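No lab work stands behind these numbers, since they all come straight from the coordinates. Since this is a predicted model, take the numbers as computed values, not measurements. Glycine also receives a Cβ, built like all others from the backbone with ideal geometry; neighbour counts cover every protein chain displayed.
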Amino acid sequence: MAAADQEPHVSAVRPRSYQNKSYLHGFLGTVGHLQKAGVLQDVVLEVEGRRFPCHRLVLSAASPYFRAMFTSDMAESRQKTVVLQGLDAGIFGEILSYIYSGTLHVSLDKVQPLYQAADLLQLDYMSETCSSYMVKNMKVECSNCVDLFNFADVFSLDIVRNRCLQCLHVNFAKVALSEEFCSLSVNQLTEIISHDELDVKEETTVWEAVVRWVQHSREDRLHHLPSILPHIRFNLLTPDDTAAILEHPLVKEHPGSSTIRNVVKETYIPNKRFGMDTLEMAILLSSTEEELLFINPREGKYISRSFRPRKPYSFPVMAVTSDNNIYMLTSDLGVEEFDKLSVYKYKNSAVNNLHSLVGTRMSTVSTFQRRDLYHFWYQQFLVRVDEILFYVAMGKTKFSTLIQMRKYDHHTDQWQECAQQELEQLDVPLGYGTAVSCGSHLYFIRKSDMHCYSLCQNQWEQRTPQRTDRSPATAVAMGTEIFCTDDLFTKTMVYDTESDCWQELRGWSTREHSYRLKISSPRFFVLENQLHIVLHVQAYGTARKGHYKFYVYDRSADAWRDLKATLTNTNSHYISCGAMCQVARIYRPPIDRYVFK
């Protein structure tokens, strides 16, 4: 074929799809403006007598419930006004706000009715968000735990229900005294008290809880007693306690008292409860000797165990998960700019002592790129937020100060980048910031600013700073509050995460120590739901190495109380591996071997 007769070459061009994100957001915004302006509305929804003009198209696009209502032969598809039953008018207003804006506002007082309405209207995103909110915002003191447990039972929310069970187990002694505890069904009660994980020191606590539950509605519940008692571990009681139970009016007056007596005498469940075998202990690490120290100053007990990592390491940071596994992250010495970080995991095995608690290398994490950060400015923290481990580091570049953060993925054994935050450059020495988690947020606190990181949004926002003269040296969260103090423990500041405001505790007086004793290395920790602090105390003008003292904060008296538990004659200097002393449940050692001197 001649050149003139050949077809010109046409290069293959692949088709592409383009998405206009601004159009997507703009479209929803326009729909929201039409709703606010009352334009083009073609149906009125009536809830509890309150009228909500809406658009059938928008409702049908958002909810399968409305789509079926308006596109079928149902009578509502032809009506101008549709009455909705089983909904709260205020909650329905919140739902419409979400449908027209894509933004959902959730709070503890609204989350249950919001979920119930979302479940009815088949709004899956709302249901999942409310369920997640319940799990993440369950109060530490478990004041809402029983209520959420009942709610989760009704709606078969397994994730929420399991989280409630954990909370009930850990706080059983306290929850059993509440009025809400008596609202449990007999099946719920027996399920709770049958678990090994129940955190009680004595089995009499379980019996007393059952008595309270039965007596709350004696006529209706007394007949359940024979089915409840087999879940109480009578073999863990003393003979005197067992005799007292057999003489209790509930047993003596029960029509089947002889059967109950047999159950009490014959029930044998060998396992101890979790609280009988374990003890909450704060964790310190010797900076001079490879030693971990587990301390419970309230009971006057401590345990010393060796810590032998496989490689030389810099000072580590530590976090403890809810299942009491201890994670320690260190910088390997000998690596340029301390870029290589290693994670060590200490699994708290179910044994009667700590002989199996030894350093075990879990993994080596990916290399951090810190070329612009000077390591001698560096601060690093390991923080647990909603069972996710976050590595938080602050460093100074040539032009700015940054918070860099990564979260650890247990499944892939990799660290994932998170949003970083640029900070105002302050002319302050080392030790000028601290990181702490509270609820489902992470907070970074300095003396003149405060930053809050949201997990679900992966973004930072500024919060009200404490504005003190000294930088925070330690911080710990308890409930919805964060407690901070400086490196000399001159005063304690308390931040309320819900109201975004600070106040000062007035309980600490330095008058006793200011001229005679030097105080350093304060570290907060929460033990048995109470705020504690450990201090290194040394007399001025002496060569003595000093000792460690422990105090507990009495909120009602607004004062710090000396626990009279002192670590003395120690050649080691102990550090807390982070902004606070981590606390873990440790299986009890022999009582007579580990006591404070």
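Here are a few things to note about the model shown:
- Sequence-distant residues sharing a close amide H with Met450 (under 5 Å, placed H): Arg463
- For region 171-266, the square roots of the Cα gyration tensor eigenvalues, ordered a ≥ b ≥ c, give a/c of at least 1.5 with a/b no greater than b/c, which places it in the oblate category.
- Per-residue packing, averaged as other Cβ atoms within 10 Å, sorts the ranges 79-91, 526-538 into the order 526-538, 79-91, beginning with the highest.
- For Gln379, the residues whose modelled amide H falls within less than 5 Å of its own, excluding neighbours fewer than 5 places apart on the same chain, are Met394.
- Sequence-separation-based contact order of region 95-167, relative, with Cα cut under 8 Å and 6+ spacing, percent: 23
- In terms of distances greater than 32 angstrom between alpha carbons, the cross-link table entries Lys272/Lys301; Lys272/Lys407; Lys407/Lys549; Lys110/Lys345; Lys447/Lys518 yield Lys272/Lys407; Lys407/Lys549; Lys110/Lys345.
- Couplings 3J(HN,Hα) for region 490-506, derived from phi with the Karplus relation 6.51 cos²θ - 1.76 cosθ + 1.60 (θ = phi - 60°), are 6, 7, 10, 9, 10, 10, 8, 5, 7, 9, 6, 9, 10, 8, 10, 6, 10 Hz, where x marks Gly and Pro.
- GluC sites (Glu not before Pro) restricted to region 242-283 and DSSP loop, no more than 16 other C-beta within 10 Å: Glu247, Glu253
- Taking 0.36 nm per residue of separation and subtracting the Cα-Cα distance, full extension of the segment from Glu76 to Thr321 would add 83.0 nm.
- Sorting 224-234, 556-566 by average packing, meaning the other beta carbons within 10 Å per residue, from highest down gives 224-234, 556-566.
- Subset of Lys36/Lys80; Lys201/Lys265; Lys174/Lys252 violating a 23 Å alpha-carbon distance limit: Lys174/Lys252
- Taken over the alpha carbons of region 21-103 as equal point scatterers, the Debye sum produces base-10 log I(q)/I(0) values at 0.15, 0.20 Å⁻¹ of -0.54, -0.95.
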